[in-house]
Every structure is written in C-alpha cells, then in structure tokens.
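What follows is one structure encoded as structure tokens, with my remarks underneath.
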Amino acid sequence: MARLRAQSDAATPRIDDVTPAAALPGGDVDLTGANLGPTNGTSPTVFVDGSPAHLVLSRSNHLAFKVPDLAGTGMVEVRTASSISNAIPLRVARELNDGLHPVTSPAVSRSGMVYATISGPRGKATPVSVVRISPDGRGTPFVTGILNATGLAFNPEGDLFVTSRAEGTVYRVDPAGEFTQYAEGMGVATGAAFDREGNLFVGDRSGTVFKINSERKIFVHATLEPSVSAYHLAVNRKGTLFVTGPTLSSNDAVWAIEPNGDTRVFYRGLGRPQGLAVARDGSLYVAASLHGRRGVVRITAAGEAKLVLSGTNIVGIAFSPLGSVVLATNQAVYDVDLGVEGQSLF
C-alpha cells in the first residue's frame, strides 16, 4: 500500500510558477512544474477562479492555457482524473466598459474616473467622442462633437485635453464636457502628455513631436520615423518624454526625448508598441509584444524587459490613483491590480 501511495503522489500535478502573473480574459498563460502532461492518454484540466480554461499545450513540466472569458482574479489549479495540484494565484483584468474605440491610452483623473474615446474611422463622426467611466464601470457620455478623438491627457490643474487626429487640433475640455480649441496645426495628432511644468507634448504620427508651452507657443520638440498608426507619449518626473510609434517592423523602439530635445533609443526589441505609462519606480509599462507574446511589458531603467500581463489588442495603459492599472483594448477598458504604483507627476 505504501508503494502504491508513493506512486500516486508522484503523479500528482504540481505548479511551481505562472508566467506572466496577470492576464486579460483570453490571454495566454504558462505554468511550469511537474506532472502537467497527459495521464493515460487523457489531458489534464486547468481551472482559473473555478472556470475551466482552454488548454493550448500540455507536457510534463510545461502547460499553457487561455484565461477563460468568465474568470476573475483567483487561483489556478490543474486537475487530472485522480488528483488536483496545488493552487497558485493569477490576476485577471476586470472589464469596466465596452462598446468603445480607444486608439491610445485612457486618462485617469485624480478621483479615479477613467476617460476613454470612441474614436471611429478617420473622417467619420461618432455620436460620443469621450466617455467617462466610474471605478465601478458605469459609463456616461462626456464629450460630443470632437472628430476622431484620439489622445487624452490631464494638465497639472486637472483639465482634460483631447487631440483630434483628423483635424490636427487640440481641445481643452471643461468639467461639464464643453470644449474649446487650444492649439491647431498638429498634423495627424495622436498621443498627448503633460510634464510637471505644464508643457503639452503632442505626437504627429507622420514624424513630429510638438511641444506647446503654457503660453500656447508651439515648438518642434523632436522628429522621429513615422508610425503606421499613432504616437503614444508619457513623461516622467525628470521631464523625459517617452514615445512609441509602431511601424511595420517587429523590432520597434521606445524613444526617450530629454527636455532639451536630445533623442535616444531607450529600448529596442518590441513588436507594435503602443500606449505606455510610467511607474513610481521609474520603469515603463508598455502595451507591446515581447518575443512574440502580446500584452504589457515592463522595462526597467536598466533596460530589462519582461512580459507582466498577457493579452491581445491592448492599445493603451494608465495608472489609477486608486492603485490599479487601467488597460484599453480597441473596444473596451479594463482594470487590474498588478501591485504596482504609478508615478505622481503633479
């Protein structure tokens, strides 16, 4: 009997690690451990937060699966006909609101309200330009009448600014959702970001990053290679502007532009990098592919990159003052607790 029990214990699946430790519903996740392969010709079953997952790969020491659409943050376990593995946590993003069309990062107010666009095809108006979403997911129309609303950014005073990629115009939006023109002539105006001094940076995806100072004077801050979709911008506390602009290459860069306009490659090796945000420790979180895997990539100041969340169609990311990370796909907004705090810029 003792020998039979030992054999049974040896066949019990064991999870040692989950990679990455967070995902969108539908994201690909890997488990490493032991006894994760088929038993007697029958594949194991993976459960995430109690929901069965679609198995992609099952080998003795490696198992891959897709996160179920109905799963939430919870425990992952592997079950066979005769045994159940240990459980290991996985953070799953929660959908806040759908029916949207973000093309870059959302913006989050100091109170935790999320702002996202319904941008629409270029040159075609949508009934609502910007939607305001509460932390519990309730969405209400906030701005109407901006054609192809694209980039969103808050200034140090808490005013929302919106770019129109169709018009090349930047608008300031008041708390009631009414907007006035702030600047024009920005080309295909996509990403937007403010620094601590109140300078607004706007990315013209055809190759120019503009700087608009607090007196609304416009300067060419830097020139980059054109993007096939959009420029995405984020600024750190030192005033360094980080820019992504996906091309047709699978080896795209994150650019770092210093306050004096000096430009360098901060990191190269991403596929289709899009929205990005700066964490409190100075690392960047970028929506991109790394080594063929899509999701959110963390890049440290030392240039070390790691996929920290798995998911497809992510176009933007923002840190919320409520402690979560807000993600935008091309049709919805999610939030997830990655255990990371965003920088406090203002």
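The values are calculated or read from the model by the stated rules, or taken from the named source; none is laboratory data. Here the structure is a predicted model, which is why all the values come from computation and not from measurement. When we count neighbours, we look across all protein chains shown, and the Cβ atoms used for this are built from the backbone with ideal geometry, even at glycine. The protein model used for the area step is the full one, side chains on, heavy atoms only, and it has no ligands, DNA or RNA in it. Shrake-Rupley method; radii C 1.70, N 1.55, O 1.52, S 1.80 Å.
Below are the figures for this structure:
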read-out: Matching option when the condition is among the aromatic types (Phe, Trp, Tyr), surrounded by 15 or more Cβ atoms within 10 Å (Cβ to Cβ) and in contact (Cβ under 8 Å) with a residue 60 or more places away in the chain, among Phe142, Phe194; value: Phe194
read-out: Residues (touching a residue at least 60 places away in the same chain (Cβ under 8 Å) and either more than 16 Å from the chain's Cα centre (by Cα) or assigned to a loop (DSSP other than H, G, I, E, B) (or both)) located in region 282-305; value: Gly282
read-out: Candidate set from region 75-92 (those that are in contact (Cβ under 8 Å) with a residue 60 or more places away in the chain, assigned to a strand (DSSP E or B) and within 12 Å of Val18 (Cβ to Cβ)); member that is farthest from the chain's Cα centre (by Cα); value: Val78
read-out: Region 266-277 residues that are charged (D, E, K, R), paired with ones that are not in a strand (DSSP E or B) (beta carbon under 6 Å, 6 or more apart); value: Arg272/Pro246
read-out: Test: residue in region 94-114 that is more than 23 Å from Gly177 (Cβ to Cβ), out of contact with any Lys or Arg (no Cβ under 7 Å at 6 or more places or on another chain) and open to solvent by 20 Å² or more (accessible area, probe 1.4 Å); value: yes
read-out: Top-ranked residue in region 37-74 [being assigned to a loop (DSSP other than H, G, I, E, B), of a type in the set (A, V, I, L, M) and out of contact with any Phe, Trp or Tyr (no Cβ under 9 Å at 6 or more places or on another chain); ranked as least open to solvent (accessible area, probe 1.4 Å)]; value: Val67
read-out: Matching entry among Asp252, Asp262 (being farther than 21 Å from Phe154 by Cα, open to solvent by less than 30 Å² (accessible area, probe 1.4 Å), over 11 Å from the mean Cα position of the chain (by Cα) and not basic (Lys, Arg)); value: Asp252
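One line per residue, one yes/no per condition, for (1) modelled with pLDDT of 95 or more; (2) farther than 20 Å from Pro106 by Cα; (3) assigned to a strand (DSSP E or B); (4) in contact with a strand residue (DSSP E or B) (Cβ under 7 Å, 6 or more places away or on another chain):
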| residue | (1), (2), (3), (4) |
| --- | --- |
| Val202 | yes, no, yes, yes |
| Lys211 | yes, yes, yes, yes |
| Arg216 | yes, yes, no, yes |
| His221 | yes, yes, yes, yes |
| Ser227 | yes, no, no, no |
| Ser249 | no, yes, no, no |
| Val254 | yes, no, yes, yes |
| Val265 | yes, yes, yes, yes |
